[in-house]
2 protein chains.
Amino acid sequence: MSTAEETAGGETSAWGEVTPDAARRLLIAAVEAFAERGYHATTTRDIAGRAGMSPAALYIHYKTKEELLHRISRIGHEKALEILRTAARREGSPAERLADAVSSFVRWHAGGRTTARVVQYELDSLGPDARDEILALRRQCDAEVRGIIEDGVAAGDFDVLDVKGTTLAVMSLCIDVARWFNVDGPWTPEEVGALDADLVLRMVGAK
Amino acid sequence: MSTAEETAGGETSAWGEVTPDAARRLLIAAVEAFAERGYHATTTRDIAGRAGMSPAALYIHYKTKEELLHRISRIGHEKALEILRTAARREGSPAERLADAVSSFVRWHAGGRTTARVVQYELDSLGPDARDEILALRRQCDAEVRGIIEDGVAAGDFDVLDVKGTTLAVMSLCIDVARWFNVDGPWTPEEVGALDADLVLRMVGAK
DNA sequence: GCCCCGGGTGAGCGAGCGCTTAGTACGCTG
DNA sequence: CAGCGTACTAAGCGCTCGCTCACCCGGGGC
C-alpha cells in the first residue's frame, strides 16, 4: 500500500480525465507496476490485484495489456509536451523561458518519477504503430526546447556551438532524472529542478 | 545477422576475457538480445538461437538466465570504471581530465550502445545481492568523476555550486546517450563525445 | 415484478516460459 | 582401440503467462 499512498498525493490527480472509475484505478495500478518492475515483468494479475479487482476485470476496460501501456504513454507524453509548451510560450527572455522549461520538466520527472519512468523507458515495449505515434509527440517536445534555444541564439543571449546537439543534451539532463531520482534521497524535486536549470543556462552560455 | 556483424567490430573484442568460446558466444548473444528487447522480454531460447546452439546448451555454461545478466553487468561496469579511472588519473589540468573522462565515457556509451544499454538500464532485473554488488561499482564511477570536479574546485579552475549534484548531472549527460544514440543518426560517437565534453566544461564553469 | 444490460467474478484454456534430464558425439589418455 | 569425461542435443516437465468464457449481481424502464 505504501506505493499507492506515495503516488496518490501528487500523481493520481493527473489521471482525472480517465473514466470510468474502475478504468482509472486499473491505469494507476499499471503505472505503479510498470514503474517498479518494468512492462514485461508485470503480470495482468498483478495490475488487477493492485486495483482490487479480478484478473478478468482488466479486459472489460482494455483490450490488451499493451493498450494500457499505450494509454499511459500517450497521456504522459501529452502532459510532458504541455509542460514544455507552457514554458516555451510564456513571457520573458529566452534564458527565463529555458530555465522555466528545464526546472518544471525536471520537477515532473522527479516528483512523478513513477509515471516518468514508464513514459521514458518503456517505449520499446510498444508495437510499431503505437511507438510511431509516441515518437511524434517526443519530437514535438524536442522542438519546443530547441525553439527556446534558437530564440536565445537569435537574440544574441546564448552562445551555442551545436543547437541540435545541445537540445539533446538538455533533454538528457531532464529525462535521466527519472532514472536516478529517489524520493528518500537528499534532494527535493524543486532543488533538482533549480540545480539543473542553472546547469543548462551555463551549457547555453546565457549572458 | 546484421546485429551480430554490427557489434562484432567494436564490441565483441571487449569480451575476450570470457572463455571458453561457447560461453563467450552465448554472452554476446545475450547482450544483443537484452539490448534489443530487454531482459524480461528475452527468452533463453532466443539467446541460445543467436549463438547457434540449443536451448539446453546455455545451462552448461551458466546456472540461470540471471547469471548471464549479472556477468554482463559486472564486466560492463568494470570497463566503465576503468575508462573513468584512466581519465581521472592521467596527467593534466582538471579541465583536461574532465573533458577526457566525459568524451571517452560518452564514446563508450555511443559506440557500444548495445552493451551500455544493458549495463545502464537492466540493473533492476538483477536480484538484491547482485544489484548491491553492481551499485558499489556504480558509486565508484561517480566518485571518480566527483574527484576530478573537486580537484578543479580546489585548484580554483572550476566554479561549481553543488559538487554532488553537478557530478550527477555530468553522469546523466553521459549515460543518457545510451538511450537516444542511433548508429544511423547524424553523429559519430566521437562527435557526441566532443560536444558533451564541451558542454560539461561549461557546466563546471571551467576557466 | 420482471427483464435486461453493463460491470464484475471464478475457473481455466492454449501457449510459451525457465530449466532439467537422458542420451549422444567426440577427442584425449593408456 | 577400449574407457572416459566434456560439450552438446532432443524431448519434455511443471509452471505461469495473457487472455476468454460461462455465469452472476444490482439498478432502471415498463
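The values are calculated or read from the model by the stated rules, or taken from the named source; none is laboratory data. Not measured: the values here are computed from a predicted model. A quick note on method: Cβ atoms are made from the backbone with ideal geometry, for glycine too, and the neighbour counts reach across all protein chains shown.
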Screening B:THR64, B:THR42, B:THR86 for residues that are free of Cβ contacts under 8 Å to residues at least 12 places away in the same chain and out of contact with any His (no Cβ under 6 Å at 6 or more places or on another chain) leaves only B:THR64
Expected output for segment B:155-174 (first residue within 7 Å of chain A (Cβ to nearest Cβ), partner part of a loop (DSSP other than H, G, I, E, B) and of a type in the set (Gly, Ala, Ser), Cβ below 9 Å, 6+ apart or cross-chain) is none
Quick count over segment B:38-63, residues being among the β-branched types (Val, Ile, Thr), under 28 Å from B:ILE175 (Cα atoms) and in a helix (DSSP H, G or I), is 2
Checklist entry - Just a yes or no: is a residue in segment A:89-101 more than 16 Å from DNA strand C (Cβ to nearest atom), assigned by TED's automatic domain parsing to the domain that holds A:VAL192 and touching a Ser or Thr at 6+ places or on another chain (Cβ under 9 Å)? => result yes
Going by the structure shown, is A:GLY152 under 30 Å from A:VAL31 (Cβ atoms) and more than 13 Å from every other protein chain (Cβ to nearest Cβ)? no
TODO: Might you check whether a residue that is out of contact with any Ser or Thr (no Cβ under 9 Å at 6 or more places or on another chain) and among the basic types (Lys, Arg) occurs anywhere in segment A:47-55?
DONE: no
Scanning segment A:162-194 for residues that are assigned to a loop (DSSP other than H, G, I, E, B) and under 18 Å from the mean Cα position of the chain (by Cα), the one nearest to B:LEU195 (Cα to Cα) turns out to be A:ASP176
Of the residues in segment A:88-140, those that are away from chain B (no Cβ under 14 Å) and part of a loop (DSSP other than H, G, I, E, B) come to A:ARG90, A:GLU91, A:GLY92, A:SER93, A:GLY112
Criterion first (within 16 Å of DNA strand D (Cβ to nearest atom), among the acidic types (Asp, Glu) and part of a helix (DSSP H, G or I)) does B:GLU66 satisfy it? yes
How many residues of segment B:182-192 are at pLDDT 95 or above and more than 9 Å from chain A (Cβ to nearest Cβ)? The answer is 3
Selection over segment A:20-78 where residues are of a type in the set (D, E, K, R), within 14 Å of chain B (Cβ to nearest Cβ) and within 16 Å of DNA strand C (Cβ to nearest atom) yields a count of 4
Cβ pairs under 8 Å, 6+ apart or interchain, first in segment B:194-206 and more than 7 Å from chain A (Cβ to nearest Cβ), second acidic (Asp, Glu) and in a loop (DSSP other than H, G, I, E, B), ordered by first then second residue, are B:VAL204/B:ASP159; B:ALA206/B:ASP157
Within segment A:141-161, the residues that are out of contact with any Gly (no Cβ under 7 Å at 6 or more places or on another chain), surrounded by fewer than 16 Cβ atoms within 10 Å (Cβ to Cβ) and either at positive phi or not in a helix (DSSP H, G or I) (or both) are A:ALA155, A:GLY156, A:LEU161
